[in-house]
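Each remark here refers to the structure printed beneath this line.
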Amino acid sequence: MTTQQRPVTMLIAALGGEGGGVLTNWIMAAAADLGLPAQSTSIPGVAQRTGGTTYYIEIYPLTWQQLGPRRPVLALAPGIGDIDVLVSSEFMEAGRCIAGGFCTPDRTLLISSTSRFYVINEKMALGDGRFDDARLLEAAEKNSQGRILFDMEAVAKEAGSMINAVMLGAIAGCGKLPIPVEAFERAIRAEGKAAEANLRGFRAGLAAAHAEATTLRRAAEPKRREKPRNDLATLEREIRQTMPQSAQDIVIEGVRRLARFQDDNYARLFLDRLEPLRDLDAQAQDGGKLLRETARHLAVRMSFEDLIRVAQAKIDPSRMQRIEQELNAKTDEPYTVTEFLKPGIEEMCQVLPPALARRIIAFSEKRGWLDTVHVGMYVKTTSISGYLRFWLLAKLRPLRRYMHRYVEEQAQIEAWLGMILQAARYSPALALEIAECARLIKGYGSTHKRGTQNFQTIEMRLIRPALQGAIPPQDAIDGITSARTAALVDPEGQSLAKCLDEFDARLSFRIAAE
C-alpha cells in the first residue's frame, strides 16, 4: 500500500477506571458517522497497577463509497514500529509503550499526559522511589517523531470531566486522523452520558493540543492546581527575589504544598526556617544544593500524614468521582464505599492535646497496649453518618497546631534543622547527608514509627558524635550514607545495626593503628 492507502494506526494506553473503552467507542462512532472503515480491539492486562489496558484502532482514510467494491484488511493487534499515533493517559504508561517498540522516531506522534500514577515499587520505597521524569521525557523525545505532552489530569479537573474526554480532544487536535472535530463532538452527544462534562473536557484537551504543550510541567506545578491568593503570590514573589535560582522551583512548590496542607502562615514558617540555611549556603558557594535538598525534605516533613489529612483524602470529591467511574455506575444507580480502618492508640492520640496524649500513651506503653490494641472500623463514606465522620475530622484542620502529632513533628523538625545548620558551618557535605536522612521518615503508623527509630539510631550513633568532633567529617559522611542506605533497604533495622557495628569496628581499628 502507498502512504495514502494504508490505514491510520492508533494505540491507546490507559489505566483501569479512566474510560479507555468509552474513548475507543467515541472514536469508532465518529469514524462510522463519516463512513470510514475502522476496527478496534482492546487488550486488557494486569499491568503495573493491576489495571493497565491497551486499545488498538485502525481507521482507513477513504470512505466505503470511495472504496467501491474494494475492502481494506485491518489488523487486530498493533505491530512494533507500525504505530502512527500513540496516546497515553499517564507518563509511565507512555514509557512502557516506548520500551515495547511501539513509538518510533520515523513515524509516531506521541500524545501523553505528563501526570503520574505511581507504581507499587515507587510507593513502597522508604526513600524517594519515584522514577525520574526527566528520563521519561528524554526517551519520549528520542523515540517519537512529534509530541503533544501536557498534564491531562489537571486539565480534566479544571474542566470538571474525566481524563478520557481530554484525551479525545488531544487526539482531535493532533491532525493525524481523517476525522473533523465536529464528528467527535457528535459522538460524545450521541453517547449521552455526562455529555456536557465530556464536551468541556474534549474542548479543553483540544485547546491544549493546539497549544502544543511539549514541556514536562509536573515537577514545577502542583498536582492539584489552585488559584493563587494574594498572600501566597506575595510569598512566591519573595522567593524569586531572595532565593537562589537553583532552589526557587522547589521552595515555591513547598509553600504551595504547605498552604494547601494547613494555611499561608504555615507556608511562611517554611520560608522562615530556610532563611538561616540560605545564608550559610551562600557563604559555602555551593550553588544552592544544600538549600534545595533541605527545602524539598522540609516541605515533605512539614506536610506529615495525620488523621486529618487521611480524612480529607477519603471524602475528596475527585476520589468519589473516580470510584463512580471505575464502577461504571449510572447517575441513578446506588453504590457503597466502605473504608477499612484499624487505628492504634498512638494514631488516635494524634488529635488530642499534647499533655493528655502523652499520659494516655505512657499509660498504654506500661501495659504493653501500644502494639497490640487496635480498633477495627468499617466506615461507609457513601452514607450520611460515615461521610460526616470524615468531614468533621477534616474540619479539625484549624486546630491542628494544638494537637499532639503536630507538636511532636515540629519538635523533631527543629532538631533536624538545628543539626543541619550546625554541620553546614564547617562541612556542607556533612549537612547535606544529614538533610538526606529525612528520607527515612514517611507515612504514618508503624511505617512512620520504624523510620523515626532508624533516624534516631543514626543520629545517636553517627550524627551527634560527628557534630561533637568525635568522628572526622569525611568518616561521618561515609558512615551516614551507608547507614541511611541500609535503613532504606531493610526498614526493620537489622541491616542498619550491622552497618553501624561494621563502621565502629573500622573506625576503632584505624584509630588504634594511628
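Brief remarks follow.
- Residues of the range 163-190 satisfying the condition of being basic (K, R) and over 22 Å from Y60 (Cβ atoms): R189
- The range 426-463, residues that are β-branched (V, I, T) and part of a helix (DSSP H, G or I): I434, T447, T452, T457, I458, I463
- Filtered residue count, the range 55-84, keeping only those that are under 17 Å from G21 (Cα atoms) and touching a helix residue (DSSP H, G or I) at 6+ places or on another chain (Cβ under 8 Å): 3
- Considering the conditions (1) farther than 30 Å from L356 by Cα; (2) in contact with a helix residue (DSSP H, G or I) (Cβ under 7 Å, 6 or more places away or on another chain), R506 is excluded by exactly one of them, (2).
- Of all the criteria given as (1) under 14 Å from T9 (Cβ atoms); (2) crowded, with 20+ Cβ neighbours inside 10 Å, the one not satisfied by A75 is (2).
- Output for the range 7-22, where each listed residue is more than 19 Å from the chain's Cα centre (by Cα) and farther than 16 Å from D82 by Cα: G19, G20, G21, V22
- Test: residue in the range 253-262 that is of a type outside the set (A, V, I, L, M, F, W, C), farther than 26 Å from D286 by Cα, modelled with pLDDT under 85 and in a helix (DSSP H, G or I): no
- Pairs with Cβ under 7 Å, 6+ apart, first in the range 264-282 and over 18 Å from A415 (Cα atoms), second open to solvent by less than 60 Å² (accessible area, probe 1.4 Å) and of a type in the set (K, R): none
- Condition check for A295: among the aliphatic types (A, V, I, L, M) and more than 19 Å from Q410 (Cβ to Cβ): no
- Restricting attention to the range 370-409, the residues that are of a type outside the set (S, T, N, Q), more than 29 Å from I323 (Cα to Cα), touching a strand residue (DSSP E or B) at 6+ places or on another chain (Cβ under 9 Å) and open to solvent by 40 Å² or more (accessible area, probe 1.4 Å) total 2.
- From the list R130, R189, the lone residue that is assigned to a loop (DSSP other than H, G, I, E, B) and either without any contact (Cβ under 8 Å) to a residue 24 or more places away in the chain or surrounded by fewer than 22 Cβ atoms within 10 Å (Cβ to Cβ) (or both) is R130.
- Taking helices (runs of 4 or more DSSP H) as the structural unit, those lying wholly within the range 278-397 and holding at least 3 residues that are of a type in the set (A, V, I, L, M, F, W, C) and either under 30 Å from G17 (Cα atoms) or at pLDDT 85 or above (or both) correspond to 289-302, 307-314, 317-327, 354-366, 384-394.
- Boolean, R116 is within 14 Å of A209 (Cα to Cα) and either surrounded by 17 or more Cβ atoms within 10 Å (Cβ to Cβ) or not acidic (D, E) (or both): no
- Note on the range 457-467: residues that are surrounded by 17 or more Cβ atoms within 10 Å (Cβ to Cβ) and either under 23 Å from F304 (Cβ atoms) or not aliphatic (A, V, I, L, M) (or both) amount to 5.
- In summary, M124 fulfils each of the numbered conditions (1) over 18 Å from C174 (Cα atoms); (2) open to solvent by 30 Å² or more (accessible area, probe 1.4 Å); (3) at pLDDT 85 or above with the single exception of condition (3).
- Residue within the range 442-456 that is open to solvent by 30 Å² or more (accessible area, probe 1.4 Å), among the aromatic types (F, W, Y) and without any contact (Cβ under 8 Å) to a residue 60 or more places away in the chain present: no
- Considering the range 1-97, the qualifying strands (runs of 3 or more DSSP E), each wholly inside and each with 2 or more residues that are at pLDDT below 85, run over 38-44.
- The residue of the range 158-178 that is farthest from E90 (Cα to Cα), among those that are in contact (Cβ under 8 Å) with a residue 60 or more places away in the chain and open to solvent by 10 Å² or more (accessible area, probe 1.4 Å), is P178.
- Yes/no for I420 being at pLDDT 90 or above, within 30 Å of D279 (Cα to Cα) and out of contact with any Lys or Arg (no Cβ under 8 Å at 6 or more places or on another chain): yes
- Residues that are within 21 Å of P317 (Cα to Cα), open to solvent by 10 Å² or more (accessible area, probe 1.4 Å) and either of a type in the set (S, T, N, Q) or at pLDDT 90 or above (or both) are absent from the range 203-224 altogether.
- Of the criteria (1) free of Cβ contacts under 8 Å to residues at least 24 places away in the same chain; (2) open to solvent by 50 Å² or more (accessible area, probe 1.4 Å); (3) assigned to a helix (DSSP H, G or I); (4) in contact with a helix residue (DSSP H, G or I) (Cβ under 9 Å, 6 or more places away or on another chain), which one A470 fails: (3)
Conditions tested, residue by residue: (1) crowded, with 21+ Cβ neighbours inside 10 Å; (2) closer than 30 Å to L341 by Cα.
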| residue | (1), (2) |
| --- | --- |
| T234 | no, no |
| Q248 | no, no |
| V251 | yes, no |
| R260 | no, yes |
| Y266 | no, yes |
| E275 | no, no |
| L291 | yes, no |
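- Test: residue in the range 142-153 that is part of a helix (DSSP H, G or I) and in contact (Cβ under 8 Å) with a residue 40 or more places away in the chain: yes
- Count - residues of the range 293-316 that are under 18 Å from the mean Cα position of the chain (by Cα), open to solvent by 30 Å² or more (accessible area, probe 1.4 Å), farther than 30 Å from L432 by Cα and of a type outside the set (V, I, T): 3
The values are calculated or read from the model by the stated rules, or taken from the named source; none is laboratory data. These numbers were taken from a predicted model, which means no experiment stands behind them. Cβ coordinates were reconstructed from backbone atoms using ideal geometry, including for glycine residues, and neighbour counts include every protein chain displayed. These accessible areas exclude ligands, DNA and RNA; they are computed on the full protein's heavy atoms, side chains included. Shrake-Rupley method; radii C 1.70, N 1.55, O 1.52, S 1.80 Å.
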